[in-house]
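Participant: Questions regarding the structure given below will be posed in turn.
The values are calculated or read from the model by the stated rules, or taken from the named source; none is laboratory data. Everything numeric in this text was worked out from a predicted model, so none of it was measured. FYI the Cβ positions are ideal-geometry reconstructions off the backbone, even for glycines, and counts take in every protein chain you see.
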Amino acid sequence: MSGIYIHIPFCERKCIYCDFYSIENLDQIDLFVNSILQEIKIFKSESDFVGGTCFDTIYFGGGTPSLLKVSQFEKILNALYENFCISDNPEITVEANPGTVDKEKLSKFKCIGINRLSLGVQSFLDDELKFLGRIHTSEDAIRCIEFAFESGFENVNVDLIFGLPGQSEERWRENLFTVIKLNVPHISAYNLIVEKGTPLYEVVRSGEVKLPSDDEQAGLYEITMELLENAGYIHYEVSNYARSGFECRHNLKYWRYESYVGFGPSAHSFWGNRRWWNVANLGKYLNLIAQGKLPIANFEILSDEKMVEEFIYLGLRSTGIDLKKFKERFAFDFIGGEIKEKLVEMKKNGYIEMDDFKVRLTRKGFSVCDEIAVNLVSKIKYVLK
Ligand code: SF4
């Protein structure tokens, strides 16, 4: 089963840290929705390779998808059902920002088959929300979560960000305690990343804003793992925690290296050994679609070596490297030769756990996930030579 991603490139206001493709001019939403319908049709007619595939996840990300009308979601979903095989029980997620939805809109989402909400809360503290440039208040966020449950959504995610300037451990704990108390079944807790080209990058570079040190950020990450695991959440990806059964099926596809197709400006797709991505510009996107062309900016054919690397990296970041799938896909054993020695050493030092099926990170290992991945990939390269 594969996944479908739809990128909705509109936001009421850009947040200072965000480098996702989105624009603040909402005038072209109608035209954009019609173009997405066209893109789905063009893709279907030009991509025989998806023929026998069934899709079991649909994810509306952005941008701020919740700015679309319910009828616009309905049109897009109808187009997907008309053009592709969609499984009986698909996970259909919509990213929504507090302040852009009310209880009535959420209830209508439910009625048209949307069954998972991902809420961009980021913080429950008003001064932090203001710093990040969010359009909502803490009160809006709590109300939105309550609306989601009252509208019948069980599968709800809340995004939170840590590592803000001057953020103490106490204030981060306050955010975590609030989300735990609200009984949200899925939490994505991301470290604030300073991306080049964002206003945040400029204020950090000029020294106007100082972020917590690496040690302080590591401390906040430790607190996140400890509090959420103690509250019964499963830590199933570096930044993601879920109650059992609420793991995001769509995101698991990315981490398990499974195929997905993306529609909309800047959306990425991955199929077999091929990755391609759409133009990250609404004007160019609309023009290409109007000419009956797919809005692809570029593509990449992945070498075996690159795929092995990505498989290891993504597996380590999430539920572990699946040894059976690794062998099926790459026709050699992951555990062998020099790697075995390295793994035994890592296990002894408490960074990984392994059995006959998986190699997975421990809590200590998650804190240094990138270093471990680089280390293992360098050994694999040696083996591949
Ligand atoms: S709402 Fe989300 S996508 Fe839009 S600017 Fe803020 S972080 Fe980026």
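Participant: Going through G219, G197 one at a time, which residue ends up being touching an Asp or Glu at 6+ places or on another chain (Cβ under 9 Å), touching a residue at least 12 places away in the same chain (Cβ under 8 Å) and at positive phi?
Facilitator: None of the other options fit; the residue is G197.
Participant: Same structure again: In the list E170, E139, E150, which residue meets the criterion of being out of contact with any strand residue (DSSP E or B) (no Cβ under 9 Å at 6 or more places or on another chain) and either in contact (Cβ under 8 Å) with a residue 12 or more places away in the chain or outside the structural domain of E104 (by TED's automatic domain parsing) (or both)?
Facilitator: Details: E170 fails: either in contact (Cβ under 8 Å) with a residue 12 or more places away in the chain or outside the structural domain of E104 (by TED's automatic domain parsing) (or both); E139 fails: either in contact (Cβ under 8 Å) with a residue 12 or more places away in the chain or outside the structural domain of E104 (by TED's automatic domain parsing) (or both).
Being out of contact with any strand residue (DSSP E or B) (no Cβ under 9 Å at 6 or more places or on another chain) and either in contact (Cβ under 8 Å) with a residue 12 or more places away in the chain or outside the structural domain of E104 (by TED's automatic domain parsing) (or both) holds for just one of E170, E139, E150, which is E150.
Participant: Let me ask something additional. With respect to F49, determine if the residue is under 15 Å from V261 (Cα atoms), assigned to a strand (DSSP E or B), touching a strand residue (DSSP E or B) at 6+ places or on another chain (Cβ under 7 Å) and more than 14 Å from the ligand (Cβ to nearest atom).
Facilitator: no
Participant: Need the failing condition index for E82 against (1) without any contact (Cβ under 8 Å) to a residue 40 or more places away in the chain; (2) within 16 Å of the ligand (Cβ to nearest atom), just the number.
Facilitator: Only one criterion is unmet by E82, namely (2).
Participant: Contact list please: Cβ distance under 6 Å, first residue in the range 174-189 and over 22 Å from R249 (Cβ atoms), second residue β-branched (V, I, T) and outside any loop (DSSP other than H, G, I, E, B), pairs at least six apart or on different chains.
Facilitator: L182/I145
Participant: When you scan the range 113-132, how many residues do you find that are surrounded by fewer than 16 Cβ atoms within 10 Å (Cβ to Cβ) and touching a residue at least 24 places away in the same chain (Cβ under 8 Å)?
Facilitator: Selection size over the range 113-132: 1.
Participant: Based on this model, can you work out whether A267 counts as touching a His at 6+ places or on another chain (Cβ under 6 Å), outside the structural domain of I76 (by TED's automatic domain parsing) and at pLDDT 95 or above? Please lay out each step first, then the result.
Facilitator: Numbers: touching a His at 6+ places or on another chain (Cβ under 6 Å): yes; outside the structural domain of I76 (by TED's automatic domain parsing): yes; at pLDDT 95 or above: yes.
So A267 passes the test.
Participant: Taking the range 102-129, which residues are over 21 Å from the mean Cα position of the chain (by Cα) and either outside the structural domain of Y59 (by TED's automatic domain parsing) or within 14 Å of the ligand (Cβ to nearest atom) (or both)?
Facilitator: The answer is E128, and nothing else.
Participant: Okay, moving on. Looking only at residues in the range 58-72 that are within 16 Å of the ligand (Cβ to nearest atom) and free of Cβ contacts under 8 Å to residues at least 60 places away in the same chain, which one is nearest to G113 (Cα to Cα)?
Facilitator: My answer is F60.
Participant: Let me ask something additional. Right, K41: closer than 30 Å to D127 by Cβ and of a type in the set (D, E, K, R) or not? I'd like the intermediate steps shown before the answer.
Facilitator: Numbers: closer than 30 Å to D127 by Cβ: no; of a type in the set (D, E, K, R): yes.
Judged against the criteria, K41 is not a match.
Conditions tested, residue by residue: (1) within 23 Å of L288 (Cβ to Cβ); (2) in a loop (DSSP other than H, G, I, E, B).
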{"residue": "C15", "(1), (2)": "no, yes"}
{"residue": "L31", "(1), (2)": "yes, no"}
{"residue": "F60", "(1), (2)": "yes, no"}
{"residue": "S71", "(1), (2)": "no, no"}
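Participant: Would you check which residues across the range 357-385 are within 30 Å of the chain's Cα centre (by Cα), more than 24 Å from Y221 (Cβ to Cβ) and at pLDDT below 90 and list them?
Facilitator: Passing the criteria: S378, K379, I380, K381.
Participant: Which of the residues belonging to the range 227-249 are touching a residue at least 12 places away in the same chain (Cβ under 8 Å) and either touching a Gly at 6+ places or on another chain (Cβ under 6 Å) or part of a helix (DSSP H, G or I) (or both)?
Facilitator: L227, L228, E229, R249
Participant: If a residue has to be part of a strand (DSSP E or B) and not small (G, A, S) to count, how many in the range 296-330 make the cut?
Facilitator: Taking the range 296-330 first, the residues part of a strand (DSSP E or B) are 296-301, 321-322.
Subsequent filtering for residues that are not small (G, A, S) retains 296, 298-301, 321-322.
Qualifying residue count, the range 296-330: 7.
This table checks each residue for (1) within 30 Å of S35 (Cβ to Cβ); (2) exposed (fewer than 14 other Cβ atoms within 10 Å of the Cβ); (3) under 21 Å from the mean Cα position of the chain (by Cα).
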site: T198; (1), (2), (3): yes, no, yes
site: D214; (1), (2), (3): no, yes, no
site: M225; (1), (2), (3): no, no, yes
site: V238; (1), (2), (3): no, no, yes
site: L252; (1), (2), (3): yes, no, yes
site: F263; (1), (2), (3): yes, no, yes
site: S269; (1), (2), (3): yes, no, yes
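Participant: Scanning for something part of a loop (DSSP other than H, G, I, E, B) and of a type in the set (A, V, I, L, M), does the range 331-349 turn up at least one residue?
Facilitator: So far as the range 331-349 goes, yes, one or more of its residues are part of a loop (DSSP other than H, G, I, E, B) and of a type in the set (A, V, I, L, M).
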